[in-house]
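A.B. asks: Dropping a structure here in structure tokens format, bear with me for questions.
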Protein chains: 2
Amino acid sequence: MGDQAKIQSAQTTIVRNDAFIQTADDLKPSLFYKGIRPTQIVRVQSDRTAMHDWRAVPEAEIGTLENRAFGKGESVILDFGDHRVGYVSFDIKPVGSPPDAPLKLKLTFGEMPVEMAEPFSSYEGWISSSWLQEETLIVDVLPRQVKLPRRYSFRYLKLEVLDTSRKYQVSFRNITCTTVTSADLSNTLPFNHADPLLQEIDRVSVKTLEDCMQDVFEDGPKRDRRLWLGDLRLQALVNYRTFRNNDLVKRCLYLFASVPDESGRVSANLFIEPHLIADDTYLFDYSLFFTVTLYDYYLETNDEATLNELWPTARRQVELALERLDERGIVKDDDTWWSFIDWHEQLNKQAPSQAVLIYALKRAIPLAKAVGCKQSANFEQRLTVIENATKESLWDAEQGLFVSGDQRQVSWATQIWMALAEVLPKDENKALMLRLLSANPEVGPTTPYMYHHFVEALIVVGCREEAVDRLKQYWGGMLTDGADTFWELYDPQNKNFSPYGSHLINSYCHAWSCTPTYLIRQYEL
Amino acid sequence: MGDQAKIQSAQTTIVRNDAFIQTADDLKPSLFYKGIRPTQIVRVQSDRTAMHDWRAVPEAEIGTLENRAFGKGESVILDFGDHRVGYVSFDIKPVGSPPDAPLKLKLTFGEMPVEMAEPFSSYEGWISSSWLQEETLIVDVLPRQVKLPRRYSFRYLKLEVLDTSRKYQVSFRNITCTTVTSADLSNTLPFNHADPLLQEIDRVSVKTLEDCMQDVFEDGPKRDRRLWLGDLRLQALVNYRTFRNNDLVKRCLYLFASVPDESGRVSANLFIEPHLIADDTYLFDYSLFFTVTLYDYYLETNDEATLNELWPTARRQVELALERLDERGIVKDDDTWWSFIDWHEQLNKQAPSQAVLIYALKRAIPLAKAVGCKQSANFEQRLTVIENATKESLWDAEQGLFVSGDQRQVSWATQIWMALAEVLPKDENKALMLRLLSANPEVGPTTPYMYHHFVEALIVVGCREEAVDRLKQYWGGMLTDGADTFWELYDPQNKNFSPYGSHLINSYCHAWSCTPTYLIRQYEL
């Protein structure tokens, strides 16, 4: 998920469950640290064939850094060899006369070469510029060991001496990034694939998850470090096939369940620091993903105690979603930001949300049966009504596609979610996806998140070859464009796309983009 | 003294005296801390009648601050009621939705309203912009208590929210400056004067010394925190009449004596952090002031043990100065920055330096006698030669003034130092100062440092009324122009004067400007 969902001003009352919070606290993961040194000195050069028109090229061996002295206006860009999430420290040594004025030093961290090239002061997007990773330090006494207290997500670090004095320069030593993750690499399942591109896509997917796995499953370590439900669901699926830290999934489920609102609805995301806070953003699809994530967790772990404790929360999300149905059995649409689905600005959310509800109901029913809840029968009954209503009201027989909203919008998202929800019989479901490919409606996927669902839908309906082709094309495209970890946003037709108004602020290591590993391993692509 | 003396590139070998360093360490002063809150909210407005064309005017009561919330681009200026030197802490509270992006906050500290009004980015002076007191903080987690690690020298603090997010604002609480000084206010001599202006000048002088008295006698707490010999000499004189921390003078003398160069010459200034370092700046007049400061210290304390230990260093400064004499007995001039005297750019240093040597010799001789050093006879002999040479070569009988350098420059500094050195008989010395006043040569005093010597010279020659008038006019002028503490630079004819290329970087609490208290109390003006 992206961050800073559009503003909701409602004052919400949160009902805390302290026992759940305690359970979540007890499941805090161990963190693994590792000291990483930069591998080379680079410069960025303009290149129209490169992502964002900027390419990082080698400038000098890293060993030459210690012997360089930097005066006012001089800078250097260090390449840490791969994407890193961690804490940076270094030593500053004065060169020349004793320093007779403080050192003013600017540090700029970037996941991508563009962040080294385009000044952050040019940023005019609508989300906060405070996400742009930079620091300005004023150091009174030299030599000095600097330990920056904040965590950064980056591959490149620019050190820029804004001022010293006429009498001295500075040199930099022992530059280290102490990386941090809760992913236990020693517990990782080994994986080889005959297709080298799928093997590489899998490797980068795993690295992406590793860098997002912290105290919770984070959204994107550069920018939004919160726990989002939509991302959690996908990270959990990848985690089951890789690091197998199932307790971290359990912890995150308990966190969501511990701070619902008065109606029992779980928030779309949580703040972990300074203490657990439910954000005042509630999304129809994300709330339902609590139920889906619990279903996936139970399927993976068979952990009945957790299922029993969290079932009331899971059931409540479905009940609340059902309350949104109109007399026909179709979720009410409105103009607010009530459901996420994807970042596409023109996307109507009604039909895909309807499909998410069906998808969730089909997982809530077996859970209800597993815990012996009487709701199962009711849910089954409602499911029939809803599926019929969907085919009645949202199906356009002429086009052979589902439509959404007053304007009867035909979007990729609607067909994809309807296919995943398996509203149509198997053959028709496959025909739906093939028709989507040939019709190619204008409102397409804008994120790896939507693309994941697209590829999975192709697999579900039986179009495995097409699924593999599309996966290799999309995530392989990111690799060709220089991804060290997979990106929050990637539109091959518009590579500078950002829902925030600037590609500078996009996240280039984003949880919802790490799913190829799940798709490849789970479906044995 | 100002900072960042012009560059000398000579590699100097320092001969450390560890026993002296130990003595100095043992004399480290106690520091006194006090929590100070801001007194009002102000704004700065353009005003052609105000210093630097900017005036701070009340905007709101300080009590209203807690209830104000600040979003992107909003700022507030706090007035701490008087000049402060210390450490700033405050609490930041989020207002609105949970903070979904870091806070980017800029803090600007200013001794004068102009520092709140003109952006530091406009600074283009030749000394380092890193002295301009500002910080940019990026805060990931709110609420947060901020304790800034650096010490600031200021009266005004501007808090400026560069960015939050659309979902929250911030408010500020418990803003405190923990002031620091080694001046023991409880040990201060009480002082009252019938003239309210002299009383006020005395009060502000004492405050200036208080804010400059730290671990050593600092030059100016905003910018140059080093220990400079020229400033030490004057601070010691004021200290004897006020805080009476004679051990701090002793500590500073031992510090200078512990790191001379191979020839025994003491540096013009010392760095105290990260450890004691002699700066590679050596000045003819400043080195001699070691001897003068030891003389004043001995006169005040009668501390024979210190005199005996430090006499060799004091004697050596005189010997080295004598080595600079030409065959006539006149100090050699050159084009380097070999002697300080004053900041005036056209000032020739030869004749005033000659006078400083005579002034120092006249104090070295009684010290030599006090320790029973055989040099006293030699020094007396040399003094006669030098005084005669001065009257022979530097006296312009036609003008009745002393001249300096190849161009036979007539400056204020030359006459003032010749008067202080008492080269002429008493009557002629007075006539010299009166002639200076009427001739009013173009190369005048540019600093309170030079102005101090001007007023003291008037007193020494017996022009007490003129001295008092000039003192009230000059330091009283600073008060009228808004001084909370006395300034490094003040030229009533050119109030924006800065030897550094910008009045933004001038120091507005400067040790060498605190001398009125000494002049008023010592000479009972």
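The values are calculated or read from the model by the stated rules, or taken from the named source; none is laboratory data. This structure is a prediction, so every number in the text was calculated from the model and none was measured. Please note: Cβ atoms are built from the backbone with ideal geometry, for glycine as well, and neighbour counts cover all protein chains shown. Please note that ligands, DNA and RNA were not included when accessible areas were found on the heavy atoms of the full protein model with its side chains. Shrake-Rupley method; radii C 1.70, N 1.55, O 1.52, S 1.80 Å.
A.B. asks: Explain nothing, just the number: dipole magnitude of the protein assembly as shown about its Cα centre with +1 on each Lys and Arg Cβ and -1 on each Asp and Glu Cβ, in debye rounded to the nearest 20. Walk me through the numbers on the way to the answer.
C.D. replies: Details: 112 positive and 148 negative charges, 246 e Å.
In total the dipole reaches around 1180 debye.
A.B. asks: Could you list which residues have their amide H under 5 Å from that of A:Leu401, counting only those 5 or more apart in sequence or on another chain, with H placed in the peptide plane?
C.D. replies: A:Asp396
A.B. asks: Read phi for every residue in segment B:372-378 and hand back ³J(HN,Hα) as whole Hz from Karplus 6.51 cos²θ - 1.76 cosθ + 1.60, θ = phi - 60°, with x for Gly and Pro.
C.D. replies: Result, rounded to whole Hz: x, 8, 5, 4, 4, 5, 4.
A.B. asks: Once you list every other residue whose beta carbon is under 13 Å from the beta carbon of A:Gln381, what net charge do they have if Lys and Arg are +1 and Asp and Glu are -1? Don't jump to the answer; show the numbers that get you there.
C.D. replies: Numbers: positive: A:Lys374, A:Arg382; negative: A:Glu380, A:Glu387.
Local charge sum for A:Gln381: 0.
A.B. asks: When Rg is the radius of gyration of the Cα atoms in chain A and Rh is its Kirkwood radius, what does Rg/Rh come to? Don't jump to the answer; show the numbers that get you there.
C.D. replies: Working: Rg = 24.6 Å, Rh = 24.5 Å.
Rounded to two decimals, Rg over Rh is 1.00.
A.B. asks: Calculate, for A:Asn174 and B:Glu327, the FRET efficiency according to 1/(1 + (r/R0)^6) with r their C-beta to C-beta distance and R0 35 Å; round to the nearest 0.05.
C.D. replies: Values: r = 57 Å, r/R0 = 1.62.
Calculated transfer efficiency: 0.05.
A.B. asks: Still on this model: Evaluate Rg over Rh across segment A:156-297, taking Cα atoms for both radii and Kirkwood's formula for Rh. Before the final figure, lay out the partial values.
C.D. replies: Working: Rg = 19.8 Å, Rh = 17.6 Å.
Rg/Rh for segment A:156-297 comes to 1.12.
A.B. asks: What distance in nm separates the two pseudo spin-label positions at B:Thr336 and B:Arg68, each 7 Å out from Cα along the beta-carbon direction?
C.D. replies: If labels sit at B:Thr336 and B:Arg68, their model points lie 5.3 nm apart.
A.B. asks: Among the residues of chain B, which one places its Cβ closest to the rotation axis that maps chain B onto chain A, and what is that distance in whole Å?
C.D. replies: Residue nearest the B-to-A axis, with distance in whole Å: B:Thr136, 2.
A.B. asks: Moving on to the next point. Which one, A:Gln493, A:Tyr508, A:Ala278, projects farthest toward the positive side of the charge dipole computed for the protein assembly as shown from Cβ point charges (K/R +1, D/E -1)?
C.D. replies: A:Ala278
A.B. asks: Continuing with the same structure: Using the Cα centre of segment B:420-525 as the reference point, and only Cβ charges (+1 on K/R, -1 on D/E), how large is the resulting charge dipole? Debye, rounded to the nearest 20. The partial results should precede the final answer.
C.D. replies: Values: 8 positive and 13 negative charges, 10 e Å.
So the magnitude is around 60 debye.
A.B. asks: Quantify how strongly other chains surround peptide A:98-107 by giving the mean number of their Cβ atoms within 10 Å of each of its Cβ atoms. It would help to have the intermediate numbers written out before the result.
C.D. replies: On the way: counts 10, 6, 13, 9, 9, 2, 6, 1, 1, 0.
Partner Cβ neighbours, averaged per residue: 6.
A.B. asks: Tally up the carbon and sulfur contribution to the accessible surface of segment B:33-181 as a whole percent, 1.4 Å probe, everything protein left in place.
C.D. replies: 44
A.B. asks: So what's the convex hull volume per residue for the Cα atoms of segment B:293-423, in Å³? Before the final figure, lay out the partial values.
C.D. replies: On the way: hull volume 14.5 nm³, N = 131.
Normalising the Cα hull of segment B:293-423 by residue number yields 111 Å³.
A.B. asks: Averaged over A:123-129, how many beta carbons belonging to a partner chain fall within 10 Å of each residue's beta carbon?
C.D. replies: On the way: counts 1, 0, 0, 2, 5, 14, 7.
Per-residue shielding by partner chains comes out at 4.
A.B. asks: For segment A:389-394, just list the computed ³J(HN,Hα) in residue order, Karplus coefficients 6.51, -1.76 and 1.60, θ = phi - 60°, integers in Hz, with x standing in for Gly and Pro.
C.D. replies: 4, 4, 5, 6, 9, 10
A.B. asks: Further, regarding this structure: Mind listing the label-point distances from B:Asp82 to the same position on all other copies, shortest first, one decimal in nm, points 7 Å along Cα→Cβ?
C.D. replies: So the label point of B:Asp82 gives 6.0 nm to the other copies.
A.B. asks: Can you pull the one-decimal nm distance between simple spin-label points at B:Asp47 and A:Ala194, each 7 Å off the Cα toward Cβ?
C.D. replies: In this crude spin-label approximation the distance works out to 8.5 nm.
A.B. asks: Placing +1 at every Lys and Arg Cβ and -1 at every Asp and Glu Cβ, with all other atoms neutral, what dipole size does chain A have around its Cα centre, in debye to the nearest 20?
C.D. replies: Working: 56 positive and 74 negative charges, 238 e Å.
So the dipole magnitude of chain A works out to roughly 1140 debye.
A.B. asks: What FRET efficiency comes out for A:Phe497 versus B:Ser75 if R0 is 25 angstrom and r is the Cβ-Cβ distance? Round to the nearest 0.05.
C.D. replies: Numbers: r = 34 Å, r/R0 = 1.37.
After rounding, the FRET efficiency stands at 0.15.
A.B. asks: I'd like to check one number: the per residue accessible area of segment B:33-181, probe 1.4 Å, reported in Å² as a whole number. Walk me through the intermediate numbers first.
C.D. replies: On the way: 5830 Å² over 149 residues.
For segment B:33-181, the solvent-accessible area averages 39 Å² per residue.
A.B. asks: Can I ask one more? Average the reciprocal distances over every distinct pair of alpha-carbons in segment A:96-135, invert the result, and give the Kirkwood radius in Å.
C.D. replies: Working: mean 1/r = 0.0806 Å⁻¹.
Final number for the Kirkwood radius of segment A:96-135 is 12.4 Å.
A.B. asks: Between B:Asn302 and B:Leu31, 0.36 nm times their residue separation minus their Cα-Cα distance comes to what? Don't jump to the answer; show the numbers that get you there.
C.D. replies: Values: separation 271, 0.36 × 271 = 97.56 nm, distance 2.58 nm.
Going from the current span to full extension adds 95.0 nm.
A.B. asks: Moving on. Counting only protein heavy atoms and rolling a 1.4 Å probe, how much accessible area do A and B lose on contact, total for both sides, in Å² to 100?
C.D. replies: About 3500 Å² of accessible surface is lost on pairing.
A.B. asks: Cβ neighbours within 10 Å, averaged per peptide: list A:291-300, B:384-393, A:87-96 in order, most packed at the top.
C.D. replies: Values: A:291-300: 21.5, B:384-393: 16.0, A:87-96: 18.0.
Per-residue mean Cβ counts within 10 Å order the peptides as A:291-300, A:87-96, B:384-393.
A.B. asks: Output the 0 to 90 degree angle, nearest 10, between the alpha-carbon long axis of helix A:196-212 and the longest principal axis computed from the alpha carbons of chain A.
C.D. replies: The angle comes out near 80 degrees.
A.B. asks: Now, a different point. So what is Rg over Rh here for segment B:33-181, counting just Cα atoms and using Kirkwood for Rh?
C.D. replies: Working: Rg = 15.3 Å, Rh = 15.9 Å.
Using Cα coordinates only, the ratio equals 0.96.
A.B. asks: After finding the eigenvalues of the alpha carbon gyration tensor for the protein assembly as shown, what semi-axes result from the square roots of 5 times each, listed largest first in whole Å?
C.D. replies: 75, 28, 24
A.B. asks: Along Cα→Cβ, 7 Å out, is where each label goes; now give me the distance between the ones at A:Ser438 and A:Ala370 in nm to one decimal.
C.D. replies: My value for the distance between the label points is 4.0 nm.
A.B. asks: Taking each residue in B:149-155, count the Cβ atoms of any other chain within 10 Å of its Cβ, then average. What number comes out? Each step should come with its number before you reach the end.
C.D. replies: Values: counts 1, 4, 1, 0, 0, 0, 0.
Other-chain Cβ atoms within 10 Å of each residue's Cβ, averaged: 1.
A.B. asks: Tell me which of A:Met112, B:Ser129, B:Ile386 sits at the most positive position along the dipole axis of the protein assembly as shown, charges placed on C-beta atoms (Lys, Arg +1; Asp, Glu -1).
C.D. replies: Of the candidates, B:Ile386 comes out farthest on the positive side.
A.B. asks: For B:Leu479, place a label point 7 Å from Cα along the Cα-to-Cβ direction in every copy; what are the distances to the other copies, in nm, shortest first?
C.D. replies: For B:Leu479, the other copies' label points sit at 8.0 nm, shortest first.
A.B. asks: For A:Asp140 and A:Asn388, what is the calculated FRET efficiency with R₀ set at 45 Å and r taken between the beta-carbons, to the nearest 0.05? Each step should come with its number before you reach the end.
C.D. replies: Working: r = 73 Å, r/R0 = 1.63.
Working from the Cβ atoms, E equals 0.05.
A.B. asks: Once you've got the Cα coordinates, tell me which of A:Lys72/A:Lys167; A:Lys28/A:Lys250; B:Lys93/B:Lys147; B:Lys362/B:Lys426; A:Lys495/B:Lys104 are over 19 Å apart.
C.D. replies: Values: A:Lys72/A:Lys167 11 Å; A:Lys28/A:Lys250 10 Å; B:Lys93/B:Lys147 14 Å; B:Lys362/B:Lys426 16 Å; A:Lys495/B:Lys104 29 Å.
A:Lys495/B:Lys104, as the Cα separations exceed 19 Å there.
A.B. asks: Oh, and also: Output wanted: per-residue J couplings in Hz (rounded whole) for segment A:508-513, from phi through Karplus 6.51 cos²θ - 1.76 cosθ + 1.60, θ = phi - 60°, x for Gly and Pro.
C.D. replies: Karplus-based 3J(HN,Hα) across segment A:508-513 equals 10, 8, 9, 3, 6, 9 Hz.
A.B. asks: Where the label is 7 Å out from Cα toward Cβ, how close does A:Glu345 come to the same position in every other copy, in nm, shortest first?
C.D. replies: 5.5
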